[in-house]
Amino acid sequence: MSDIVAKLKGIVGEEYVVTADMSQYLRGNEQPQAVVFPGSTEDVAGIVKAAYDAGIKVNVGGKVVDTKGLTGGIAIVMSRMNQIEEVDPENLTCWVQAGMNHQEFVEKILEKNLYFPPEPYAVSTSSIGGCFGIGDVDTKAFNYLPTRTYILAYESVLPTGEVYKIGTKCIKCVSGYDLIHFITGTRATLGILTRVLVKLLPKPQAYRAVVADMPSLGAAAQAFKAIQKRKIFPTRLNALCKALGNEIMETKGVLVLVDLEGFPASTAQNALEVEAELRIAGATFSKIVEDKAEYDELWAKWLKVREKINLQENKVKFTVGPAKVPNAIASLAGIVGNLEENPGVLVEGLNGKLTVFTENAENDAVAINKLAMSLGGNVCGLLGNKLKSKAYNEDHNEIINVLNSIRSQFDPKGIMAPGIKF
């Protein structure tokens, strides 16, 4: 037994350190020395401090850990830290441990007539810590705002093993640098979230979905533009290519999924108007989903597809202004070919965000970024994904230097999240 494995067993207990048959907890081809399951912030601090002292790499995940750069290192799985500690309905806040499954948290909070809007990045494995660590902008962000909006305070373990706490239940509690929201999207490069104080909303009073079979992505985009001109801004306004859409329901063309949450009268009326615009734009089939069980099943299937899209390797994501989505779709086919036959196209109408599969992601990303920039947008991705816009960004090296400087201040030995390179 190595010294570090012995130390880990002394911190969390022998039963919570795995050194064989680790594959179910890992994503990637590299092999850490151990997978360890902390049960408290103190456990996490002890693990990280031991790794820091030994100069051993560390990465973290809710149920599954990315092993890139982690050969001989430590994979921390947070699934034991999965409790809601305090719900405060008067202040619309909740303290939750970072290892709690994201979707399970959403469902438990709904039982209390409260609402946590951000969608899970990967519904089967994503945790609350991962929600803020990844900081993805999901398909509900136009109405409910980005993920960072929902973190008010947190407890975190620095790469040196020190614990720090920041934030309160107050919406405004920052008088200097905003370190509360700064942690969002850092993907554990600056530390490991262990407890989070999240902001909640009241549960919506009414739900409707509108589904439609559209002849093309272009037709769907024109319908989206018309819907927004009516001053209707649904919770989600998505179009999926046939290959992805058929994983939710069978269509002949492009599947459009519209989500409407709010008050009973306005939600019902908006659903009728949305369906009308989809019909005008050429929908061969459309339906308003009113039954709550059917509604829940529809969006559960959507979350599975969203997970597949997010974990797909050969893809490019980019954003433009929502009004420019039809222009982007019209030009994108010239780069990647027939979009309706593409196996991985998603259009988020309200966010102006498009995802497309391409076998030549690195090369096509440059052309796609040039297209996006011509429409006032840019390619996008998570922290650590190469800034594919560098061919058009004269300040690229300066940005990288700033990011690396910040990272080195938090992590002098460079042990945290080794697979993330700027």
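When segment 74-110 is filtered for residues that are among the small types (Gly, Ala, Ser) and surrounded by fewer than 24 Cβ atoms within 10 Å (Cβ to Cβ), only Ser79 remains.
Counting only strands (runs of 3 or more DSSP E) that sit wholly inside segment 273-364, those with at least 2 residues that are within 26 Å of Leu382 (Cβ to Cβ) and in contact with a helix residue (DSSP H, G or I) (Cβ under 8 Å, 6 or more places away or on another chain) are 315-319, 346-348, 353-357. Residue check: is Val17 under 19 Å from Gly133 (Cα atoms) and out of contact with any Ser or Thr (no Cβ under 6 Å at 6 or more places or on another chain)? So Val17 fails the test.
Restricted to segment 365-378, and to residues there that are polar (S, T, N, Q) and not in a strand (DSSP E or B), the residue that is nearest to Asn327 (Cα to Cα) is Ser374. Selection over segment 285-310 of residues that are hydroxyl-bearing (Ser, Thr, Tyr) and touching an Asp or Glu at 6+ places or on another chain (Cβ under 8 Å) gives a count of 1.
Exactly one residue out of Val44, Val77, Val60 is under 21 Å from Val12 (Cα atoms) and in contact with a helix residue (DSSP H, G or I) (Cβ under 6 Å, 6 or more places away or on another chain), and it is Val77.
For segment 110-126, the criterion of being among the acidic types (Asp, Glu) and either part of a loop (DSSP other than H, G, I, E, B) or more than 24 Å from Gly381 (Cα to Cα) (or both) is met by at least one residue.
Residues satisfying the criterion are present in segment 399-415 (criterion: farther than 30 Å from Ile47 by Cα and at pLDDT below 85). Would you tally the residues in segment 37-80 being out of contact with any strand residue (DSSP E or B) (no Cβ under 9 Å at 6 or more places or on another chain), of a type in the set (Val, Ile, Thr) and assigned to a helix (DSSP H, G or I)? Here the count works out to 0.
Residue-by-condition table, conditions (1) under 23 Å from Ala226 (Cα atoms); (2) at pLDDT below 95:
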position	(1), (2)
Glu294	no, no
Lys301	no, no
Val325	yes, no
Leu346	yes, no
Gly352	yes, no
Asn363	no, yes
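Among the residues of segment 333-369, those identified as β-branched (Val, Ile, Thr) and within 15 Å of Ala239 (Cα to Cα) are Val345, Val347, Thr355, Val356. When Gly282 is tested against (1) touching a strand residue (DSSP E or B) at 6+ places or on another chain (Cβ under 7 Å); (2) surrounded by 18 or more Cβ atoms within 10 Å (Cβ to Cβ), only condition (2) is not met.
Considering segment 157-215, the residues that are polar (S, T, N, Q) and surrounded by fewer than 17 Cβ atoms within 10 Å (Cβ to Cβ) include one that is nearest to Gly245 (Cα to Cα), namely Gln205.
Beta carbons closer than 6 Å, at least 6 apart along the sequence or on distinct chains, pair a first residue in segment 8-35 that is over 21 Å from Ala417 (Cβ atoms) with a second that is assigned to a strand (DSSP E or B) for Lys9/Val17; Thr19/Ala34.
The values are calculated or read from the model by the stated rules, or taken from the named source; none is laboratory data. Just so you know, these numbers come straight off a predicted model, no measurement behind them. All Cβ positions, glycine included, derive from the backbone under ideal geometry; neighbour counts span all protein chains shown.
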